[in-house]
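This report concerns only the one structure given below.
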Amino acid sequence: MRARPTVAPATAWHFPDPLVSRLDNGLTLWSYRLPGQHVITANLVFDLPLTAEPAGLEGIATLAALGLDEGTENHPGETYSAALESQGAQYSGWASLSASTASLELPGQWFEPGLRLFAEAVQTPAYADEAVERLKSQRLADLDQTRSNPRRLAGWLLRGTVLDPAQRAGRPLAGSRANVAAIQPEDVRRFQAERHTPDRATLVVAGDIDPQTVASAVTRIWGDWRGSGTAPADHQPPLPGRPSRRLIDRPDAVQADIRLGWCGLDRSDRLWPAFKVAAAIMGDGFSSRLNQVLREDRGWTYDVSLAVRGFRLGGLVILGTSTKTETAAAALAEAERITAGDAPAFSARETADAIGWLTGVAPLSFSTAAAVADQAAGMVGLGFGPGQTDQSLRAIAQVTPDEATAAWRAVISRQSPSLVVVGPGDRLAEPLGLDPEPRPEL
């Protein structure tokens with residue numbers, strides 16, 4: 001009979017370290033060697049806050065990022081997509097509050113030809129009229145879906161309630177209907193030429209490929225890329241909006257979708273590690289206080305969460321849940337009681353469990369090249385260096401119950417939460433004490 005295998009203590013884990021270099025044209029390269037990860041991810045991150053978008057054309061950064069694979073000068077239209085597919089490559093693009101990202105995934109054996117196609121899209125995109133109009137139509141259709149989806153609508157409206165809608169951070173990241181409809185193909189071409197420049201870009205490459213090989217290929221393929229030198233846009237700290245409570249009437253809804261929101265912290269704030277632990281205790285995971293009461297004890301919801309989003313400057317805290325219409329008022333009251341600024345102090349057990357979850361899940365969360373590249377790209381967009389993920393995990397591991405309690409109270413006590421509820425107004429108005437509003441146009 002074989003002896004039972006022994007269980008050894010877990011070895012220390014840390015986020016991979018990249019080889020960092022910089023081309024003469026200003027392009028920065030972070031290259032991660034990840035043995036066994038044969039699908040390579042390359043993320044090109046532009047230091048491009050949404051404040052750079054021209055007035056009245058908000059959403060143009062998103063269209064510019066999405067449209068890079070819609071054809072180039074040498075491969076117009078669908079011929080570019082066909083060229084990517086011949087290399088087994090897949091493109092995606094997006095814009096966040098502080099950065100725009102173009103991403104390519106491809107097999108390692110076709111890294112260099114795929115990288116050439118990627119550079120072609122970034123340096124000589126076509127943005128043909130019909131392609132831009134198609135992307136606009138897709139964005140407008142997405143807004144229609146948001147308006148018809150209670151969960152998405154509640155989240156969409158909450159952002160412009162917690163944050164001042166007079167600022168870019170308080171308005172839709174991908175643009176409103178009026179702004180997107182106003183964008184013309186020439187606007188996109190001009191914006192990309194002025195804002196997608198190497199001196200404000202970082203290329204993150206992750207996978208089973210030698211960093212020196214990556215650096216040589218990037219220098220050969222991207223070294224001649226030049227930009228216009230347009231002055232960089234400012235990263236503006238988001239200001240809080242006026243706290244309000246809104247009930248959006250959705251007569252045909254069978255439940256109430258509830259969102260509570262507060263202004264939060266950015267990752268450079270000294271309270272960030274402790275507040276991250278506090279938020280995990282409150283609403284991240286099955287053993288959280290919110291889940292224990294609203295789901296396990298009361299049976300009012302299937303899912304409740306508390307998301308902490310750190311921007312380059314400032315942040316958001318969003319509580320989200322859905323419940324039956326008849327229990328919405330009671331569920332909301334309990335959620336506000338649990339998350340109040342004078343909530344009971346966190347225990348040693350709660351704190352240890354939250355820290356164990358936040359740090360213990362990291363090896364699994366970052367087990368693929370895409371996950372490493374996306375995390376690194378996120379850190380670039382927030383203005384951090386390559387060691388930030390490890391520093392944050394180490395700081396989280398050292399948080400005490402008193403520090404977590406103090407951080408929660410410091411952030412939550414200084415403001416009143418904003419509320420958005422989407423559901424049948426005739427059944428929710430009286431128990432919530434709110435006048436129903438019609439669904440707004442987006």
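The values are calculated or read from the model by the stated rules, or taken from the named source; none is laboratory data. The structure presented is a predicted model; accordingly, all values stated were derived computationally and were not measured. In this analysis, Cβ positions are derived from the backbone assuming ideal geometry, glycine residues included, and neighbour counts consider all displayed protein chains.
Observations on the structure shown:
- In segment 123-138, residue farthest from I60 (Cα to Cα) [restricted to those that are touching a Pro at 6+ places or on another chain (Cβ under 9 Å) and surrounded by 23 or more Cβ atoms within 10 Å (Cβ to Cβ)]: Y127
- Residue in segment 258-289 that is nearest to L382 (Cα to Cα), counting only those that are free of Cβ contacts under 8 Å to residues at least 60 places away in the same chain and surrounded by 22 or more Cβ atoms within 10 Å (Cβ to Cβ): G283
- Just one residue in the set E120, E112 is of a type in the set (D, E), over 21 Å from A369 (Cβ atoms) and either under 20 Å from the mean Cα position of the chain (by Cα) or in the same structural domain as E186 (by TED's automatic domain parsing) (or both); that residue is E120.
- Residue that is of a type outside the set (V, I, T), more than 22 Å from A99 (Cβ to Cβ) and touching a Leu at 6+ places or on another chain (Cβ under 6 Å), where the choices are L358, L364, L419, L332: L419
- Selection count, segment 184-195, where residues are assigned to a loop (DSSP other than H, G, I, E, B) and within 24 Å of the chain's Cα centre (by Cα): 0
- In segment 352-377, residue surrounded by the most Cβ atoms within 10 Å (Cβ to Cβ) [restricted to those that are small (G, A, S) and in contact with a helix residue (DSSP H, G or I) (Cβ under 7 Å, 6 or more places away or on another chain)]: A354
- Checklist (1) free of Cβ contacts under 8 Å to residues at least 60 places away in the same chain; (2) basic (K, R); (3) closer than 30 Å to Q37 by Cβ applied to R190, failing item: (3)
- Within the set A333, A345, A352, A329, the sole residue that is at pLDDT 95 or above, within 20 Å of G264 (Cα to Cα) and small (G, A, S) turns out to be A345.
- Scanning segment 214-257 for residues that are surrounded by 15 or more Cβ atoms within 10 Å (Cβ to Cβ) and β-branched (V, I, T), we see that the one that is nearest to the chain's Cα centre (by Cα) is I248.
- Listed by first and then second residue, the pairs linking a residue in segment 427-442 that is on the phi < 0 side of the Ramachandran plot to a residue that is part of a loop (DSSP other than H, G, I, E, B) and among the polar types (S, T, N, Q), with Cβ atoms under 8 Å apart and 6 or more places separating them unless they lie on different chains, are L442/S176.
- Scanning segment 329-351 for residues that are in a helix (DSSP H, G or I), touching a residue at least 40 places away in the same chain (Cβ under 8 Å) and either in contact with a helix residue (DSSP H, G or I) (Cβ under 9 Å, 6 or more places away or on another chain) or surrounded by fewer than 12 Cβ atoms within 10 Å (Cβ to Cβ) (or both) yields A329, A331, L332, E334, A335, I338, A348, E350, T351.
- Residue check, P401 closer than 14 Å to I355 by Cβ and more than 27 Å from the chain's Cα centre (by Cα): yes
- Every condition in (1) surrounded by 15 or more Cβ atoms within 10 Å (Cβ to Cβ); (2) in a helix (DSSP H, G or I) holds for L104 except the one numbered (2).
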